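Input: a single structure, listed below in C-alpha cells.
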Amino acid sequence: MATQSTGTVQKPINIRKWVEDHREDFRPPVGNKYLYRGEDFFVMVIGGPNARNDFHKTASEEYFFQLEGDICVQTIEDGQIVNHLIQEGETFFIPPNVPHAPQRPPGTVGVVVERNRPPGENEHQQFYCPDCHELVWDEEFDCGDIVEHFRDSMEAFWADPERSTCSHCGTRVGKPGPVERIEVGEEVTIIRSGASHS
Ligand SMILES: [Fe+2]
C-alpha cells in the first residue's frame, strides 16, 4: 500500500554554488546556515572560525562532510581528548553519546547532518581539562531548551572560577579565542588567537 507523501520535493542543489551564494552566512558571528530542515533530520553548512571549548554529548548520531579546508573534531574516547583531523573532502561519523567539539579555522566550510531530537530527550554540554582530560563540568539540558541556553551556559562556565577549574590538576578552562589554524605534526594541534590553551 502506498503511503501518503508529505512535503514537496525540491530541485537538486549544487552545493558548491550554494556555498558561493551564501558565503557571508558562514562568517562569524552567524557561522552556519540550514541546507535542509526535515522531519527526521536536518542538514547544516557551517563555516569557521569558531571560538568554543565546550563538548556536546547527545543520544543521537552526527555526520560530517568537509567541503572546504581542514578542521579538527575533538572527541572524548576512553577518558582522553582525541583530536581528529578532518581534511577537505573527508567524511566523519560520530556515534551517539560520544562527547565532541568541532574546531573550525577561518575560511573552512563543512556539512553537518543531525537528527531532530524528540521532546523530553536530554543532552549535555561538557567541558574537559586540556591538560589532564578530566571532566570539569557537565550541564544537562532538555534538547528543547539547549539552543536558547547554550551560549549563556558557556559564558556562565567561563566566568566562574569554581566551575571552570579542574579539580584534578587545577588547570582553569578559560574562554577560548577563535581557532586560527590546525597544525599537523606528530599530533594534531589547535592554534587559537589570544589564548594559551587548546
Ligand atoms: Fe586537569
Pick from Asn97, Asn53, Asn14 the residue whose mean-square fluctuation is largest in a GNM of the chain, springs joining Cα atoms under 10 Å. Asn14
What full-extension length gain, to one decimal in nm, is calculated for Val30 and Asn116 as 0.36 nm per residue of separation minus the Cα-Cα distance? 28.9 nm
Most fluctuating residue of Val109, Val45, Val136 in a GNM of the chain with Cα springs under 10 Å: which is it? Val136
Restricting the calculation to Cα positions, tell me the Rg (one decimal) and the Dmax (whole number) of the chain in Å. 17.6, 63
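Quick one: Ser153, Ser164, Ser193, fewest Cβ neighbours within 10 Å first, how do they rank?
Fewest to most other Cβ atoms nearby, the residues stand as Ser193, Ser153, Ser164.
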What distance in nm separates the two pseudo spin-label positions at Met44 and Asp138, each 7 Å out from Cα along the beta-carbon direction? 2.3
Considering the dipole of the chain built from charges on the beta carbon (Lys and Arg +1, Asp and Glu -1) around the Cα centre, which of Gln10, Pro96, Phe150 is farthest to its positive end? Gln10
Multiply the residue separation of Glu186 and Ala156 by 0.36 nm, subtract the distance between their alpha-carbon atoms, and state the gained length in nm to one decimal. 7.3 nm
Given the candidates Asn83, Cys129, His22, the one whose Cα lies deepest towards the positive end of the charge dipole of region 15-192, counting +1 at each Lys or Arg C-beta and -1 at each Asp or Glu C-beta, is His22
Unit charges on C-beta of K, R, D, E only; dipole of the chain, Debye: 720
Using the count of nearby Cβ atoms within 10 Å as a rough guide to exposure, how do Tyr63, Tyr34, Tyr128 rank from fewest to most? Tyr34, Tyr63, Tyr128
Using alpha-carbon pairs under 8 Å, 6+ residues apart, how would you state the relative contact order of region 15-192 in percent? 22
Cysteines in the chain that, by Cβ-Cβ distance, have no pairing candidate under 4.7 Å: Cys72, Cys143
Starting from the Cα of Lys17, draw a straight line to each of the lysines and keep only those under 29 Å, dropping any in the same chain fewer than 8 residues away. Lys33
If you take every residue apart from Phe157 with its C-beta less than 12 Å away from the C-beta of Phe157, what net charge results, scoring Lys and Arg +1 and Asp and Glu -1? -2
Measure nothing fancy, just the Cα-based angle from helix 143-159's long axis to the longest principal axis of the chain, in degrees from 0 to 90, nearest 10. 30
Residues Cys72, Cys132 in order from fewest to most other beta-carbon atoms within 10 Å are Cys132, Cys72
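Laboratory data are not the source of any read-out in this text; all were calculated from the coordinates shown. Computed from a predicted structure; not experimentally measured. A quick note on method: Cβ atoms are made from the backbone with ideal geometry, for glycine too, and the neighbour counts reach across all protein chains shown.
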